[in-house]
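Colleague: Mind looking over this structure? Questions follow.
The values are calculated or read from the model by the stated rules, or taken from the named source; none is laboratory data. Note that the structure is a prediction, hence the values are computed from the model and not measured. So basically every Cβ, Gly included, is an ideal-geometry build from the backbone, and we count neighbours across all protein chains shown. SASA here: full protein model, heavy atoms, side chains in, ligands and nucleic acids out. Shrake-Rupley method; radii C 1.70, N 1.55, O 1.52, S 1.80 Å.
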Amino acid sequence: MIPLQRLSALLALLALASALGGCATRQDVMLAKAPTARIATVAQAPDEGNSPEMDGHLSAALLNQGLQIKAALAAGTRQSPQVDAVVSYVDVWRWDVVMYLQSLSVRVFDARTGDLLASGQWRDSALHGYRDARQVMDQLVAETWSRLRPAQGR
């Protein structure tokens, strides 16, 4: 039989480990294909449920990467002769006292071929925080471009 003091310490340690593990967010960026040319101009292709606020966060994040942003394209567009790449995102929001960002996915397509170049996913933990959506978008786009730049020979 485990003494009460030792059992209490073990339970406290397990609770702490669960809390810390539940607070972790996850971000993964995958380079699907090397760009065929340098990416300097981009346009957003909206996805269902995109909001003006998150569209603005995406634009700001792309500008932070030194990209020139052209007018948005029709939903679902993957190719365009006016830009080097087409960018889209999907965001999932949930309610818990206030709305919070649960997950974000950003995809970059080669505007000439329509091929997926890179995909970045961010997901909050089960014991979510109330993350700043602007910061999440900026960090995810920054990591995505950090993978694309070496692949395009910059």
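Colleague: Order Thr36, Thr144, Thr25, most accessible first, counting only protein heavy atoms with a 1.4 angstrom probe.
Modeller: Ranking Thr36, Thr144, Thr25 by accessible area, largest first, yields Thr36, Thr25, Thr144.
Colleague: Leaving ligands, DNA and RNA out of it, rank Ile69, Ile39 by accessible area with a 1.4 Å probe, largest first.
Modeller: Descending accessible area places them as Ile69, Ile39.
Colleague: Rounded to the nearest whole Å³, what is the per residue volume of the convex hull around the Cα atoms of the stretch 72-154?
Modeller: 110
Colleague: Another question about this same structure. If I ignore ligands, DNA and RNA and count only protein heavy atoms, how much of Val42 is accessible to a 1.4 Å probe, in Å² to the nearest 10?
Modeller: 0
Colleague: I want to check the label-to-label distance for Ala32 and Ile69. Put each point 7 Å from Cα in the C-beta direction and report it in nm to one decimal.
Modeller: Between Ala32 and Ile69, the simple spin-label model gives 2.2 nm.
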